[in-house]
1. Of all residues in the stretch 188-237, which are open to solvent by 10 Å² or more (accessible area, probe 1.4 Å), farther than 19 Å from Ala36 by Cα and of a type in the set (A, V, I, L, M)?
2. Could you tell me which numbered condition Leu70 fails, if it satisfies all but one of (1) over 14 Å from the mean Cα position of the chain (by Cα); (2) in a helix (DSSP H, G or I); (3) among the aliphatic types (A, V, I, L, M)?
3. Quick check on my filter: what residues within the stretch 306-317 are farther than 23 Å from Lys133 by Cα and within 21 Å of the chain's Cα centre (by Cα)?
4. Would you pick out the residues in the stretch 188-221 that are touching a helix residue (DSSP H, G or I) at 6+ places or on another chain (Cβ under 7 Å) and at positive phi?
5. What pairs come out if I take residues in the stretch 266-290 that are in contact (Cβ under 8 Å) with a residue 24 or more places away in the chain and pair them with residues that are in a strand (DSSP E or B) and small (Gly, Ala, Ser) whose C-beta lies under 6 Å away, six or more apart or interchain?
6. Restricting attention to the stretch 34-63, report how many residues are modelled with pLDDT under 95, buried (at least 23 other Cβ atoms within 10 Å of the Cβ) and within 24 Å of Gln81 (Cα to Cα).
7. It is to be established whether one or more residues within the stretch 89-99 are over 18 Å from Leu235 (Cα atoms), in a loop (DSSP other than H, G, I, E, B), open to solvent by 10 Å² or more (accessible area, probe 1.4 Å) and small (Gly, Ala, Ser).
8. Restricting the first residue to the stretch 141-159 and requiring it to be among the basic types (Lys, Arg), which pairs with a second residue that is open to solvent by 20 Å² or more (accessible area, probe 1.4 Å) meet a Cβ separation below 7 Å and a spacing of at least six or different chains?
Amino acid sequence: MRKIVIAAASLAAAFMVGPVNAQTPPIVIKFSHVVAPETPKGKGAEKFKELAEKYTNGKVKVEVYPNSQLYKDKEEVEALQLGAVQMLAPSLAKFGPLGVKEFEVFDIPYIMPDKAALNRVTHGEVGKKLLAKLEPKGIKGLAFWDNGFKIMSANKPLHKPEDFRGLKMRIQSSKVLEAQMRALGSIPQVMAFSEVYQALQTGVVDGTENPPSNMYTQKMNEVQKHATLSNHGYLGYAVIVNKKFWDGLPADVRGQLEKAMADATTYANDIAQKENDDALAAMQKAGTTTFYKLTPEETAAWRKALDPVADEVGSRVGKELIAEFRKEAAASGK
């Protein structure tokens, strides 16, 4: 796979930028992602394309490749580093395997109480410091994009922590998510997002976790009989760009793209909740999955089972960061 990525990077070199004038071809930005175009991230990518081409007056052309058309989860960040693509919006868990383990703080169960807390963290100093940690990896972090809070699904009801015992649960590659599933007594299975539907369909895995929009657009509700509206964890993305490519852009073009990204970020984050609400309603209407809302007592039992995860991963993610994260999140509710 590395040979393929390197070959693609060689082809991409043709798009590395120089002085822009009326005679030169447009600067091409290949924006690759692994989810459907109808998701909040998919729509955000299309909005960025629209605005980037508009604000630069055609000096930039954005090519969006959804649904893992170019690269799967484990491949896309390396492709960006090598210049085979210029822009991605990977889930925050993707940066742990890259060596920036601090991003896995977002995976800690129940660390994010609500959207207000999320905005406080991602738009504040904590968010800025996290994005800055990507630069030594040849990556420039541009923005955080929201998706939503996750629900659990399986082919059996998941009301109590003990209901997870022995289930094979698909997760992203994240040590925190591994610890989360083990705390519930299940067996974590790391798997590319593009492979999850078939794995659920064939019984390779028993269940998974996702925001409703991801579950619906990948038709997972067709192969999962039960889902629990647990809101136990959060799934978000960081929009990133190849740093060498970004730094090589003409200053005026880079400024126009920054404005396009800011506006696309506002758009993507504004629609995320509605997209998830609409997806949940559509799945409920389809009737293939029974959705269950935890009682206060059941929520308390889930929290008790998952509370030890933060301590378990503290040395990996950073105890000070976890404390800072919680402080920022709590402050947003005042």
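The values are calculated or read from the model by the stated rules, or taken from the named source; none is laboratory data. Keep in mind that this is a model prediction, so the values were computed, not measured. Because the Cβ atoms are built from the backbone with ideal geometry, glycine has one as well, and the counts that use them run over all protein chains shown. Quick note on the areas: whole protein, heavy atoms, side chains included, nothing else; ligands and nucleic acids left out. Shrake-Rupley method; radii C 1.70, N 1.55, O 1.52, S 1.80 Å.
1. Scanning the stretch 188-237 gives Val190, Val204, Leu229.
2. Among (1) over 14 Å from the mean Cα position of the chain (by Cα); (2) in a helix (DSSP H, G or I); (3) among the aliphatic types (A, V, I, L, M), the lone unmet condition for Leu70 is (2).
3. Val309
4. Listed by number, the list holds a single entry, Lys219.
5. Hits for this filter: Ala272/Gly148; Asn276/Gly148; Thr289/Ala227.
6. Total meeting the criteria: 3.
7. Yes; the residues of the stretch 89-99 include at least one that is over 18 Å from Leu235 (Cα atoms), in a loop (DSSP other than H, G, I, E, B), open to solvent by 10 Å² or more (accessible area, probe 1.4 Å) and small (Gly, Ala, Ser).
8. Hits for this filter: Lys156/Asp163; Lys156/His226.
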